[in-house]
Structures are given as C-alpha cells and as structure tokens.
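One structure below.
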Amino acid sequence: DELMNELEKAAEEMPDMNLPPRRSSFDHGALPKWKKGVTTRTTEFPSSTVLMLFPLPEIAASLEDLLNWSILADMFAFGGLNSPLFRILRDERKLVYHASVWDRYLPRGGYWGFAAETLGKNVDAIIDSFKDVLKDPEIYSSKRIRDVQTGISGLFYIRPIDGSLYRQ
C-alpha cells in the first residue's frame with residue numbers, strides 16, 4: 001500500500017498529454033542491414049564505450065532462444081570480478097573498470113556482444129581483448145560450466161532481501 005501511494009503521488013506530477021492508449025506493441029521494422037566493421041563516434045569526453053556486437057535475426061521469436069543467449073552471456077560474465085570477461089580485460093590487461101555482456105532483443109532481430117568503458121586510447125586493445133575472451137579456453141571448460149550452473153541455481157535459493165532485485 002505504501003508503494004502504491006508513493007507511485008500515485010509521483011504520477012500526479014506527470015503531465016496529461018491526452019495520448020491515446022496503445023493497443024498493440026510498436027514495430028520499428030527490420031533492423032538496418034548489418035555492416036561488418038568499426039564505427040567510431042567522436043565526442044568531447046575522455047572516456048569511450050566500446051561495443052563488439054553480433055547480429056541476431058528473429059531472436060525474440062521464442063523464450064528458449066532468449067534463455068540460451070542469456071546462458072551464453074553467463075558463460076562469459078557470470079561471477080563478476082571472477083568472470084573470464086573481467087579477468088582478461090580488467091585483471092590481466094588493466095584496460096577497464098567495468099565490462100559486460102551487451103544485448104538487445106527485438107521482435108525482428110537484435111544484437112549480442114560485449115561492452116566496456118575505457119579511455120579512448122584503449123579502444124583497439126579492448127577490441128583485441130574481446131576477441132581473446134571469445135577464444136579463452138576457460139569459457140569451454142567443464143569447470144566453468146559447473147560453476148555457472150551452480151551459480152545460477154544458487155541465485156534462486158540465496159536471494160538478497162532487496163526489493164529492487166525482485167523486479168527481475
């Protein structure tokens with residue numbers, strides 16, 4: 001009840017734009033044609049976000065597909081600082097403070113890959129490191145598979161008492 005009261009108070013501050021209710025999801029159409037290569041955008045910021053993405057056609061067609069891509073992400077990034085992604089980019093090469101798996105699933109396609117925040121001078125080294133993460137033997141080891149399986153099942157049994165996490 002307290003949460004609903006707070007949400008209602010916050011909603012009172014939102015302007016009524018007299019928008020018609022949406023009756024179906026919006027379709028942005030097919031994704032632009034995939035172009036292999038590097039795209040660089042220059043900004044005034046000293047830091048950079050580096051993405052290495054792979055196109056996913058019609059990925060949102062089934063929940064099983066989404067689950068499989070999620071499990072693949074866990075093979076690279078589960079375990080946070082102990083994950084292969086962090087080990088290579090942060091511990092061994094000292095290129096980033098943070099790296100993650102980046103994914104966007106859309107009804108008619110999507111993207112999956114890696115993301116890292118770094119200094120602009122490190123972009124090429126990050127891309128090389130992403131490639132090395134993909135080839136890292138730990139990813140394909142029986143031990144890694146067991147660790148990820150145990151970790152995922154443990155998430156369901158050892159839930160932290162944090163309301164924001166229950167949204168997921």
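The values are calculated or read from the model by the stated rules, or taken from the named source; none is laboratory data. These numbers come from a predicted model, not from an experiment. For neighbour counting, all protein chains shown are included, and Cβ atoms are generated from backbone atoms with ideal geometry for every residue, glycine included. The protein model used for the area step is the full one, side chains on, heavy atoms only, and it has no ligands, DNA or RNA in it. Shrake-Rupley method; radii C 1.70, N 1.55, O 1.52, S 1.80 Å.
Residues Lys33, Lys143, ordered by accessible area of protein heavy atoms at a 1.4 angstrom probe radius and largest first, appear as Lys33, Lys143.
Across Met4, Met14, the residue with the most accessible area heads the list, and the full order at a 1.4 Å probe is Met14, Met4.
Size of segment 56-105 from its Cα atoms: along the principal axes, largest to smallest, the extents are 38, 16, 11 Å.
Once the convex hull of all Cα atoms in segment 93-147 is built, its volume per residue stands at 126 Å³. Note on Asp128: accessible area approximately 80 square angstrom, rounded to 10, probe 1.4 Å, nucleic acids and ligands left out. Fully extending the segment from Glu64 to Lys131, taken as 0.36 nm per residue of separation minus the present Cα-Cα distance, adds 21.5 nm. Close amide H contacts of Ser83 (hydrogens built in the peptide plane, cut-off under 5 Å, sequence separation of 5 or more or a different chain): none are found. Remark: spin-label model distance Ser153-Leu106 equals 3.8 nm, labels positioned 7 Å along the Cα→Cβ axis.
Packing around the peptides 62-71, 79-88, taken as the average count of other Cβ atoms within 10 Å per residue, puts them in this order, highest first: 79-88, 62-71. In this structure, the residue pairs whose Cα-Cα separation is over 26 Å, taken from Lys33/Lys131; Lys35/Lys94; Lys94/Lys131; Lys94/Lys135; Lys36/Lys121; Lys35/Lys131, are Lys35/Lys94.
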